[in-house]
1. What list of ³J(HN,Hα) couplings, whole Hz, do you get for segment B:596-605 from phi and the Karplus terms 6.51, -1.76, 1.60, once you set θ to phi - 60° and write x for glycine and proline?
2. Among B:H108, B:H487, which comes first, then next, by fewest other beta-carbon atoms within 10 Å?
3. With only alpha-carbon atoms counted, please give the Rg and Dmax of the protein assembly as shown, in Å.
4. Go through segment B:220-236 residue by residue and turn each phi into a ³J(HN,Hα) via Karplus (6.51, -1.76, 1.60, θ = phi - 60°); whole Hz please, and just put x for glycine and proline.
5. What number, rounded to the nearest 500 deg cm²/dmol, is the helix-based mean residue ellipticity at 222 nm of chain B, given -39500 (n - 2.57) per DSSP H run of at least four residues and division by all its residues?
6. Calculate for chain A the 222 nm mean residue ellipticity that helices alone would give, adding -39,500 (n - 2.57) per DSSP H run of length 4 or more and normalising by residue count, nearest 500 deg cm²/dmol.
7. Compute the separation of the alpha-carbon centres of segment B:388-430 and segment B:336-385 and state it in Å as a whole number.
8. Among rounded, prolate and oblate, which fits segment B:1-109 when a ≥ b ≥ c are the square roots of the eigenvalues of its C-alpha gyration tensor, a/c under 1.5 means rounded, and a/b larger than b/c means prolate?
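FYI, it's all coordinate maths here, none of it is from the lab. In this text the structure is predicted, and so the values were computed from the model without any measurement. Heads up, the Cβs are rebuilt from the backbone with ideal geometry, glycines too, and the neighbour counts pull from every protein chain shown.
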Amino acid sequence: MISLTSYAFVSMILFSIGVIGVIARRNIFIIYMSIELMLNAVTLFLVTFARYHFNMDPQIITIMVISIAAAEAAIFFSVIILLYRSKKSLDTDIFTTLKQGEKL
Amino acid sequence: MMDTSLLVWIILAPLLGAILNGGFYFYHIKKKPIPEIVFSIIGTGTPLIAFLITLTLFLDMVDTGNTYKQVLFTWLHIDNLNIAMGFLGDNLAIFMSMFVTFIGWLIHIYAIGYMRGDEGFGKFFAYFNLFLASMLILVLADNPVILFIGWEGVGLCSYLLIAFYYTDKDNVLAGNKAFIANRVGDFGFLLGIVTLFFALGGVDLNFASLEANIGNASPSLLALSGFLLFVGAMGKSAQIPLFVWLPDAMAGPTPISALIHAATMVTAGVYMVSRFHFLYTGIEGIGIFIAYIGAFSALFAAIIATRQQDIKKILAYSTMSQLGYMFIAVGLGFYSSGLFHVLTHAFFKAMLFMGAGGIIIALHHQQNIFKIAQHRASLPIISATFLIGVIAISGIPPFSGFFSKDAILAAAFQEGQYLIWLIGMFTAFLTAYYMFRMYFILFIAPNKHGKSYVYTSRTITIPLVILAIGAIGAGFLNLPAILGGEHMVDTWLSKLNSTQLHMSHLTEYVLMIVSVAVAASGIFVAYKKYANFDVFKPEEEKGLIANKFYVDEFYNIVFVQFAKKISRFIDKVIDDKIIDGFIMSSSNQFIEFGKKVATIQNANVRFYAAFMLIGMSAIFIYLFFSLGL
C-alpha cells in the first residue's frame, strides 16, 4: 500500500517542476506544458484525497479541470500560432510590447 | 417703538421691481421683445409704492410721535452674537427714506425719457430699482450688519450702472475705479463694525442696544471703531482722500449720476455718521477731524470745479464740495443741519443733473460746456430750472441752498472753528463762481449761430419742474426762528444733535448778510468774466487746477503702480518660483519614483510568474503561521 504522503509528495514534485518550468524556460511550448503539469499535479492531489476519503466530489472537480484544460489548450495553441506569426519566434522574452516605456 | 409690517415693503417694492424688470429683460432679449412701457410702469411704479408707504408712516409719526420697528427673523445666531433681519423706522430713517424714495421716483420717471430707445432699457430699470432698494436697506437697517448689506448693495449697483455701456473700455475702467475706491472704504467700514462688536462684547447688535451700552466700552476701541467707520464714509461720500471715483463715475448715463449724487450712494456716508451719532458724540476729537476733512474736501473740490469743462464733471465736483459741507455739520455735532443740507442738495443737485442730461441728450451726447454753447439749443424749461438750481446751490435766499448752507456755516462760527468757517465761506464764493461760470457759458454768452429749438420729452421736463419747486421751497422746511420759521427739520431730528445753535440775533443776521454778500460777489466775478465770453475760444486745459491737482496721476504712481509692482512680484517670484517650485519639485519626485517602480513592469512573463510565486508563497507562509494551521 503506497502511503498518502507519497502521493502528496509526487504531486508536489510535479507542481514544483511546473513552476520551475514556467519561470526558467523561454520556449512558449515548454511554458504551456509546465502549466499543464501544474494542473495535473493538483488534480492528482484531488484524486488521491477522493480515494482516501471515499468522496466523489473531488473527482467531479478533476473531470471539470481536465475538460476545461482541453478547451483551454485549443485557445492556447491558437494564441501561440498568432504570436509565432507576428514575430517568427517562440521565445517569450521578445514579446515586450507591454513593457514600461515601450512604444506601440 | 411700535411694530409694523409696512416697513419692509418700502424695501421690497423696488426690490420686486428689480426682479420683475430683470426677468422681463431676460425674456425680452431671449424670446421676444417687450415694449418699453412695461419696464417703465414697473420701474416707476415700485418706487412710487415705496414713497407712498413711507409717506403713510411719516404722517402717522407726525400724528402720534411713534417710531417703528420690524423684525422679520433672526438672521444669524452664533453664540452671543445675535443679528436680526430687522428694520428701524425712526425719525432719521423716515426722514431719509422720504426724500430718497421721492427724488428716486422722480429720477426714475426722468430716466424713461432719457433712456428711450436704448437697447438696455429693461436692464437699466432693473439696476435702477435695485439701487433704490439697496439704498433703502441701508437707510432702514436696524443694525450695522444689515446696514452693511445696503452699503455694499449701493456700491455694486453704482458699479453696474457706471459701467452700463460696458462695450466702451473707458466706462468699464470708471466702473472699476468706483468699485475699487469704494472697496477701500468698505473695508474700513467692515473693520469698524467688527471693532464696535468687540468693544461692546455680548450686546445685541442693533442700534438701540448699541446706543444704550455705548458707555460700557473702552474709549480707545470706540475711537478706533469710529475712525474706521468714517473711512467707510469717506469712500462712499467721496471725501479726501477717497474721492477720485466720483468724477469718473460720470461715465454712466446721466440719470445714474442724478441718482448717485442726489438720492443714493454719496449721502450714505453722511447718513451713516448720523446713524452712529451716539458713537461720534462720545469720541473726543474725531468730530473736529471729520469737520476738517469735510472742509478741505469742500474747498479742494470747489477749486477743481472752477476750471473743468465737462458739464457733468463740474456737477460732480460740486457734489463733493457740498458733501464736504455736510461733513462739517455732522462733525461739529449739528446732525440736523447736515441732514437738512442733504435734503436740499438732493433737490437742486438732482435737478441740475437732470437739466444737464436734457442738454446732453438734445445735443447728441456733447458734454463740453464750450461746445454746448457753440451749438446752443433753445430749451426753455431746462434753462429756467437750471438757473433755479444754480441759484440754489450758490446760496442766494430764499432758495433752499441758502438756508441749509448758512445753518452749517453759522454752526462752525458758533463752535469757534473760525478756520473751518473761513474755508466754508471761501468755498461758498467759489461755488457761486463756478456754478455761474457754467450757467453764463451755457446760456448767456453770445453765440452768432442763434438757437435751434429742440423738443424735450415730457418725462424729462415734468420731474424737473417738480424738483424746481422743491429746490425753491425746501429751505422753508427749516426756516430759522429769526426769519419767522419753526426749525421743522431741526425739531424732527433733535434727538441726534449734541449741540444747539444759540447765538444772538445780531450775529445771525450779520452772518447771513456776509454769506449772501460772498455768494453775490462770486456771481459778480463770474458775470464779469463769462457773460460776454467768446465760446468759440474755449479756455485751455492747462495748469494745476485744470488737471485736478494731478491727484489721479499721483494716485496712479503711488498706489496703482505700487500695487501692480507687488502683484507682479507675487506673480513672478513668489508664485512662479517659490510656491510653484515647491509643488512642482514634489510632484517631480513622485514622477521619478514612479519611473523607478515602473521598471519592474518589464513585459517578461516569466519574471511576473516568479513574482506571483513569491507573493503567494509569502501569503501562504503568513497564513500558515498566523492562523496556526
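1. Result, rounded to whole Hz: 5, 4, 5, 5, 4, 7, 9, 6, 9, 4.
2. B:H487, B:H108
3. 41.7, 144
4. 5, 5, 4, 5, 4, 4, x, 5, 5, 4, 5, 4, x, 5, 4, x, 5
5. The helix contribution divided over chain B gives -22500 deg cm²/dmol.
6. My calculation for chain A gives -26500 deg cm²/dmol from helical runs alone.
7. 21 Å
8. Oblate, because a/c is 1.5 or more while a/b does not exceed b/c.
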